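K.L.:
Once you've had a glance at the structure underneath, I'll fire off some questions.
Each reported figure results from applying straightforward, stated rules to the coordinates on display, with no laboratory input. Quick caveat: nothing in here was measured; it's all calculated off a predicted structure. In this analysis, Cβ positions are derived from the backbone assuming ideal geometry, glycine residues included, and neighbour counts consider all displayed protein chains.
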Amino acid sequence: QQPVQSPQAVILREGEDAVINCSSSKALYSVHWYRQKHGEAPVFLMILLKGGEQKGHEKISASFNEKKQQSSLYLTASQLSYSGTYFCGTEGRGQGGSEKLVFGKGTKLTVNP
Amino acid sequence: GAVVSQHPSRVICKSGTSVKIECRSLDFQATTMFWYRQFPKQSLMLMATSNEGSKATYEQGVEKDKFLINHASLTLSTLTVTSAHPEDSSFYICSASRGSVSSYEQYFGPGTRLTVT
């Protein structure tokens, strides 16, 4: 049920690009992306709902493939402020059938000067 | 984005005592609030889902008598760790959502770092 994220960690120099992947064995209704800095709470980046959708947020964008089983987060011309751990979240069912968000294990991104 | 506050941000307590953590959505009414626990360098693990006016739904393996959740209003949920032990030390984070989990983003509080001595 937990989505699989890759890579686990990536180290960049300022200005370089990175791609973080999130995949599931079953078709998803949506994919959420969050970034968490050390000691802080996660911050929402974006949500993708449609197969084939691409969405951008400044130099951070994401795509959702047609089969809705994989999403990728693209960070271009990375800045120091991009450092943190990125989590994707996908829908799941909790006890009693309640909806919940299941997070991947995270990808730690370090951007160095 | 919406604002969710959490209080206290840090708390140190002695083993056997209880600790209450408050989570408030400041600028919107949250249909659902969630409580997560996060160990160092690990992902967020959902503990329970809280809906206003109804009993919380706990995830498998989470003791409902130990982690008491009260959702008094559409803007306030509380988590009480009863008879805390050192193994309860962790980072607890709440989140709030305007609608269904799949379609709406979750807004996270700043988290509470609990240390039980």
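K.L.:
Under the rule that a partner needs its Cβ under 4.7 Å from the first Cβ, which Cys of the protein assembly as shown have none?
P.N.:
B:13
K.L.:
Also, I was wondering about something else. Work out how much length residue A:76 to residue A:11 would gain on full extension: take 0.36 nm times their residue separation and subtract the Cα-Cα distance, in nm to one decimal.
P.N.:
Values: separation 65, 0.36 × 65 = 23.40 nm, distance 1.35 nm.
Length difference between fully extended and current span is 22.0 nm.
K.L.:
Using Cα pairs under 8 angstrom and six or more residues apart, how large is the relative contact order of chain B, in percent? Before the final figure, lay out each step's value.
P.N.:
Numbers: 296 pairs, mean separation 43.0, N = 117.
It comes to 37 percent, rounded to a whole number.
K.L.:
Something else: Take every Cα-Cα pair in chain A and report what % of them are more than 18 Å apart.
P.N.:
Percent of Cα pairs beyond 18 Å in chain A: 47.
K.L.:
Could you work out the per residue convex hull volume over the alpha carbons of the protein assembly as shown, in cubic angstrom? Intermediate results must be reported in sequence, preceding the final value.
P.N.:
Numbers: hull volume 26.7 nm³, N = 230.
Hull volume over Cα atoms, normalised by residue count, gives 116 Å³.
K.L.:
Oh, and also: May I ask for the distance between the Cα centers of region B:28-55 and region A:44-82, given as a whole number of Å?
P.N.:
If we compute the Cα centre of each part, the gap is 25 Å.
K.L.:
Using a cut-off of 23 Å between alpha-carbon atoms, which lysines can reach residue B:64, once sequence neighbours fewer than 8 places away in the same chain are excluded?
P.N.:
A:100, B:14, B:20, B:55
K.L.:
Could you give the distance between the Cα centres of region B:80-106 and region A:24-43, to the whole Å?
P.N.:
Between the Cα centre of region B:80-106 and that of region A:24-43, the gap is 15 Å.
K.L.:
Something else: Among A:103, A:64, A:44, which one shows the highest mean-square fluctuation when chain A is modelled as a Gaussian network with alpha-carbon springs under 10 Å?
P.N.:
A:44
K.L.:
Going 7 Å from the Cα of residue B:100 along its beta-carbon direction, which residues of region A:72-113 have the amide nitrogen within less than 17 Å of the resulting point?
P.N.:
A:90-94, A:97-102
K.L.:
Pick from A:84, A:56, A:94: which residue has the top mean-square fluctuation in a GNM of chain A where Cα pairs under 10 Å get a spring?
P.N.:
In this elastic network of chain A, the residue with the biggest mean-square fluctuation among A:84, A:56, A:94 is A:94.
K.L.:
Still on this structure, I have one more. Comparing A:13, A:35, A:93, which has the greatest mean-square fluctuation in the GNM of chain A with Cα pairs linked when under 10 Å apart?
P.N.:
Per the Cα network of chain A with a 10 Å cutoff, A:93 tops the list.
K.L.:
Once phi is turned into θ = phi - 60°, what whole-Hz ³J(HN,Hα) does the Karplus curve with 6.51, -1.76 and 1.60 give for every residue of region A:75-84, x standing for Gly and Pro?
P.N.:
10, 10, 6, 4, 10, 4, 5, 6, 4, x
K.L.:
Amide H to amide H, which residues 5 or more places from residue B:48 or on other chains are under 5 Å from it, using H placed in the peptide plane?
P.N.:
Close amide H contacts, sequence-distant or interchain: B:35, B:59.
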